[in-house]
């Protein structure tokens, strides 16, 4: 055999080996690309616009054709022809699914332009939610490392839903709270131990850990707990094959019914079910949920469903959610800012993993980090959420209240230190003025105002001294530096001037004043402090509500655009009082309840009775405590109050029905 012939044989053999390997690898790559939706459209669907078929047929010139469509879509948007622009955007995303700006363009039209053209809160929410789902479920799956998509998705949550620019933002907040009560269930209950940030954070992280560590498949769930198979079969017999979200919704509703100690005999009335067969199925489910033999099976099965829903329906990773909880604080996923934080910081993390010196300018770390900071700010302002899920599920107005959560004050400072080291910001922070320094300074000033109004003057002084000592403080306002050295009460009085119209200050100061009235006043035995704090909160509330309701709004008549607290001060003060009671231990509850005036007891008695009367009376019968009404005596005029309260709720419901239909 000649030398040349040997070389040809060796080369041919190597070629065959690599061809075989490429076939194996190519098949794997193709399968992976399809699984992760990373392939371009190669055929037009039956309902696709004709442009899709044209673009596919153009082959290598597809990009040129897409550019032409993109120019046309922009012109349609500029002309206010949003529906036509959306149709073109859908065409472009099918032809070029990894063209991030088109996804953003499409989502913006849905959540902003088209939503405001509708007339009711329900219609608006459908369009806002469509924009969220487009970016979260489609765009982010096909562009998992693109920062722009993550940033814009976070922006819809923090600006459109959590913000106050849309006059039906309160309805959006209720819809998010309802949705995530279904997906994850209610967050860990309040209690005296939750006053510690470290403890509260770990409890919330373990709440999500339970979902993250759930089995990935139903077979895995059955392997972990064999009774899951019997449970699944029983549910299939009752309701057939359901979407996991439908099962989670049924579970959430029945859990809430049980939490409120509502009898199975009232299920039809509460759920609005009149069909006898359906009512029998619902009652069977209720019994099944409290069957001791299925206790662990429910735990495993519901955790498995939640994990699948997060991964499959929401494109969210429960392990990442738990990690972010430990990183930032006790995140309540019923709050929109928890979602803006998740998506913005996910975008930052994925960008950091891909950014290099040569392409760093392609990653908008500055503005994405800003959304992270804004999210933490909103979590401080209102992420202690109180929401009546069952009322809203029944189509009622539903109590919703978001009050300041001080667990996130120090989170802001820690995150600012990280942000300041990224993208050259640390150097720019040494200038006379930067927006980052201004944001931090305003945030700490809000914390000072909050602690002062709550009666924690020492804590307010601690943060004032921290701000004075902070080297990054803006140096362009010497008068502000001087005012920082004033006595704390004078500094607070000056800071409040001109800020009475701010919705965040409004919520912060009123809720802080009421908390101070209850804790530092009633619970501490200082009646004069209670009266002063309570009176101040009432006057400030009246001023703001009067201002908010001076405008006529089309989509949500009778509701102020920035009205983030109930109009009726009795509902606000009574609701906060009731929520505070639930966070105390039993001896503190009794002391605060007995010290409170009758008007506050009226609002709290019903919830206390629902949650405590059965267990307390049972223990009392066994000689292990006092009956419920001995500890929490029935308020004077309670029966008359219930009649008035129900009439007020009925009026709210009538207004609500007009708005959503």
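Per-structure values
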{"item": "Alpha carbon centroid spacing (whole Å) that separates the stretch 586-640 from the stretch 101-174", "result": "44 Å"}
{"item": "Rounded FRET efficiency, nearest 0.05, which uses the C-beta distance separating residue 494 from residue 469 and R0 of 30 Å", "result": "0.90"}
{"item": "Full-stretch length increase - residue 394, residue 478 - with 0.36 nm per residue and alpha-carbon distance subtracted", "result": "24.7 nm"}
{"item": "Relative contact order %, the stretch 192-319, counting alpha carbon pairs below 8 Å whose residues are six or more apart", "result": "42 percent"}
{"item": "Label-point separation, residue 259 to residue 626 (7 Å along Cα→Cβ), nm", "result": "2.8 nm"}
{"item": "Equivalent ellipsoid dimensions for the stretch 192-319 as semi-axes, Å, which come from the Cα gyration tensor, largest first", "result": "27, 20, 14"}
{"item": "For the stretch 140-252: Kirkwood Rh in Å [reciprocal of mean 1/r, alpha carbons]", "result": "17.8 Å"}
{"item": "Three-way shape call for the stretch 117-206 based on the alpha-carbon gyration tensor, with the a/c threshold at 1.5", "result": "oblate"}
{"item": "Extension gain from residue 598 to residue 276, taking 0.36 nm per residue of separation minus the Cα-Cα distance", "result": "111.6 nm"}
{"item": "FRET efficiency, 1/(1 + (r/R0)^6) with R0 60 Å, evaluated for residue 67 and residue 583 via beta carbons", "result": "0.55"}
{"item": "Zone residues, the stretch 593-619, relative to residue 634, backbone N less than 17 Å from point 7 Å out along Cα-to-Cβ", "result": "598-599, 601-614, 617"}
{"item": "Ascending count of other beta-carbon atoms within 10 Å, so fewest first, for 254, 543, 150", "result": "543, 254, 150"}
{"item": "Nitroxide proxy distance, nm - points 7 Å out along Cα→Cβ at residue 590 and residue 83", "result": "6.6 nm"}
{"item": "At R0 = 35 Å, FRET efficiency that the Cβ-Cβ distance of residue 366 and residue 542 yields, to 0.05", "result": "0.25"}
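Readers should treat all values here as calculations from the given coordinates under stated rules, not as data from a laboratory. Owing to the predicted nature of the structure, the values given are computational and were not obtained by experimental measurement. All Cβ positions, even for glycine, are placed from backbone atoms using ideal geometry, and neighbour counts span all protein chains on display.
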